[in-house]
Amino acid sequence: MDLLTITRPDDWHLHLRDGEALRDVVLHTARRFGRAVIMPNLKPPVTTVSAALAYRSRIHAALPPDCNFTPLMALYLTDNTPITEVDRAADTDGIIGFKYYPAGATTNSDAGVTDLVRVYPVLERMEERGVPFLVHGEVTDSDVDVFDRERVFIERVAQPLVRRFPQLRLVFEHATTREAVQFVRAQGPKVAATLTPQHLLHNRTDMFRGGLRPHLYCLPVLKREHDREALLDAATSGSSKFFLGTDSAPHARHLKEHACGCAGVYSAHAGIELYAEAFAAVGKLDRLEGFASQFGADFYGLPHNTASLTLRRTDWSPPASYPFAGGELVPYRAGETIGWDIVSGVCT
Ligand code: NCD
Ligand code: ZN
């Protein structure tokens, strides 16, 4: 099968940044995906419905006028989010839910929640109103090994959370471990997970292959091969609890190739092609459409896209860099090859 036509996919976890950076990256996503969940970790973070709607307008302004792409806005949960903001989110079209960043876990997360117990009243309201809770599932304790932070989060935070709020709609974002897959599988239909292309294609050894590879560094960090196998198995299983979220996260080259490099892999330039590669590698291309174009929309209670997208099995090389806010952005697989491309992109 060298051509594959699927319903136009959606990206349920995406970082677009703002200003010039936004304008430099947004078309990569809009050419491939019908909708994307836009992460709110800007500086300052997007904590209110009104800030999210203003950000959404800037995203629309960065796109060609005939471009049919819908940003779905996530709000940044803080210790001080008022319950009234949950109601406002529930009552506003295009607001997808609240994103939980444990304070200090990742890029621009300083305003994140210090202790989930503090926001229990807000979570209660989210549960009542059916507002989704998008979770960065890592503890931040400095004494917990970075490779164990997701597993420890499941024990200490996620398990108690689903027991206390059994009706809360929860997305375990960018799951990276076998334990996360087991956790999500063990829950009812209110709990799901997104999976990134890099975690389906790489293990942590790849980050050190022949030397340190900063462009493969993201958070949660890549894990062991047995974790990657569990993630790929979940993605290609046909289970509607697992769906596409690239976590494409652009950072300028000089901040990645740095003594203290930023976390984030930029994959939007091949945001669907990379999944096709991962699924093809295990002979499961027939499962791509559910994962990429159906299960996420079903979870969020949204219709499937009506347009389609055709992928073609052919090798191409991403450039060494793309322009990015006056500097450079090194895409995933720069100068190497990707085994699939898109035939019929939109928003050109
Ligand atoms: C993301 C970013 O750069 O905004 N980085 C990353 O490594 N994934 C933040 C995040 O999603 O954790
Ligand atoms: Zn992210």
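The values are calculated or read from the model by the stated rules, or taken from the named source; none is laboratory data. Not measured: the values here are computed from a predicted model. Quick reminder, even Gly has a Cβ in these numbers, built from the backbone with ideal geometry, and neighbours come from all protein chains shown. Note: accessible area is taken over every heavy atom of the protein model, side chains too, but ligands, DNA and RNA are not part of it. Shrake-Rupley method; radii C 1.70, N 1.55, O 1.52, S 1.80 Å.
Quick check: is even one residue across segment 221-239 within 13 Å of ligand 1 (Cβ to nearest atom) and either in contact with a Ser or Thr (Cβ under 8 Å, 6 or more places away or on another chain) or of a type outside the set (Gly, Ala, Ser) (or both)? Checked segment 221-239: at least one residue is within 13 Å of ligand 1 (Cβ to nearest atom) and either in contact with a Ser or Thr (Cβ under 8 Å, 6 or more places away or on another chain) or of a type outside the set (Gly, Ala, Ser) (or both). Only residues that are under 20 Å from residue 108 (Cα atoms) and among the hydroxyl-bearing types (Ser, Thr, Tyr) were counted in segment 60-95, giving 3. Residue count for segment 39-78 satisfying the condition of being part of a helix (DSSP H, G or I), closer than 25 Å to residue 306 by Cβ and within 16 Å of ligand 1 (Cβ to nearest atom): 1.
Closer than 19 Å to residue 246 by Cα and out of contact with any helix residue (DSSP H, G or I) (no Cβ under 9 Å at 6 or more places or on another chain): which single residue out of 203, 108 fits that description? Of the residues listed, the single one that is closer than 19 Å to residue 246 by Cα and out of contact with any helix residue (DSSP H, G or I) (no Cβ under 9 Å at 6 or more places or on another chain) is 108. If we scan segment 154-170, do we find a residue that is in contact with a Leu (Cβ under 8 Å, 6 or more places away or on another chain) and assigned to a strand (DSSP E or B)? Scanning segment 154-170 turns up at least one residue that is in contact with a Leu (Cβ under 8 Å, 6 or more places away or on another chain) and assigned to a strand (DSSP E or B). Collect the residues in segment 209-231 that are under 16 Å from the mean Cα position of the chain (by Cα) and either open to solvent by 20 Å² or more (accessible area, probe 1.4 Å) or of a type in the set (A, V, I, L, M) (or both), keeping them in residue-number order. Selection gives 216, 217, 219, 221, 222, 231. The set of residues in segment 247-294 being touching a Pro at 6+ places or on another chain (Cβ under 8 Å) and among the hydroxyl-bearing types (Ser, Thr, Tyr) consists of 266, 267, 275, 293. The residues of segment 275-317 that are touching a strand residue (DSSP E or B) at 6+ places or on another chain (Cβ under 7 Å), more than 16 Å from ligand 2 (Cβ to nearest atom) and open to solvent by less than 10 Å² (accessible area, probe 1.4 Å), listed by number, are 275, 276, 288, 291, 292, 293, 309, 311. The residue that is farthest from the chain's Cα centre (by Cα), counting only those in segment 139-148 that are modelled with pLDDT of 95 or more and open to solvent by 50 Å² or more (accessible area, probe 1.4 Å), is 143.
Scanning segment 138-165 for residues that are out of contact with any Asp or Glu (no Cβ under 8 Å at 6 or more places or on another chain) and either closer than 18 Å to residue 191 by Cβ or hydroxyl-bearing (Ser, Thr, Tyr) (or both) turns up 140, 142, 155, 156, 157, 158, 159, 160, 161, 162, 163, 164. Among the residues of segment 78-112, those identified as open to solvent by less than 10 Å² (accessible area, probe 1.4 Å) and within 16 Å of ligand 2 (Cβ to nearest atom) are 97, 98, 99, 101, 102, 109, 112.
Starting from residues that are open to solvent by 30 Å² or more (accessible area, probe 1.4 Å) and without any contact (Cβ under 8 Å) to a residue 60 or more places away in the chain, keep the ones in segment 54-65 and report whichever is nearest to the chain's Cα centre (by Cα). Full working, then the answer.
Within segment 54-65, the subset open to solvent by 30 Å² or more (accessible area, probe 1.4 Å) is 54, 56-58, 60-61, 64-65.
This time we only want the ones that are without any contact (Cβ under 8 Å) to a residue 60 or more places away in the chain, so: 54, 56-58, 60-61, 65.
Numbers: 54: 21, 56: 17, 57: 21, 58: 20, 60: 20, 61: 22, 65: 26 Å.
Checking each candidate, the answer is 56.
Could we say that residue 13 is open to solvent by 20 Å² or more (accessible area, probe 1.4 Å) and within 22 Å of residue 304 (Cα to Cα) here? No, not satisfied.
When residues in segment 130-181 are screened for being at positive phi and either within 16 Å of ligand 2 (Cβ to nearest atom) or free of Cβ contacts under 8 Å to residues at least 12 places away in the same chain (or both), 1 of them pass. Might you let me know whether segment 17-38 holds any residue that is open to solvent by less than 10 Å² (accessible area, probe 1.4 Å) and in a loop (DSSP other than H, G, I, E, B)? There is at least one residue in segment 17-38 that is open to solvent by less than 10 Å² (accessible area, probe 1.4 Å) and in a loop (DSSP other than H, G, I, E, B). Please count how many residues of segment 238-252 are over 14 Å from the mean Cα position of the chain (by Cα) and surrounded by 19 or more Cβ atoms within 10 Å (Cβ to Cβ). The total comes to 3.
So which of 219, 231 ends up being within 18 Å of residue 135 (Cβ to Cβ), within 12 Å of ligand 2 (Cβ to nearest atom) and either modelled with pLDDT under 95 or of a type in the set (A, V, I, L, M, F, W, C) (or both)?
Numbers: 231 fails: within 12 Å of ligand 2 (Cβ to nearest atom).
The match here is 219.
When you check residue 188 against the structure, is it surrounded by fewer than 24 Cβ atoms within 10 Å (Cβ to Cβ) and free of Cβ contacts under 8 Å to residues at least 12 places away in the same chain, yes or no? Against the criterion (surrounded by fewer than 24 Cβ atoms within 10 Å (Cβ to Cβ) and free of Cβ contacts under 8 Å to residues at least 12 places away in the same chain), residue 188 does not qualify.
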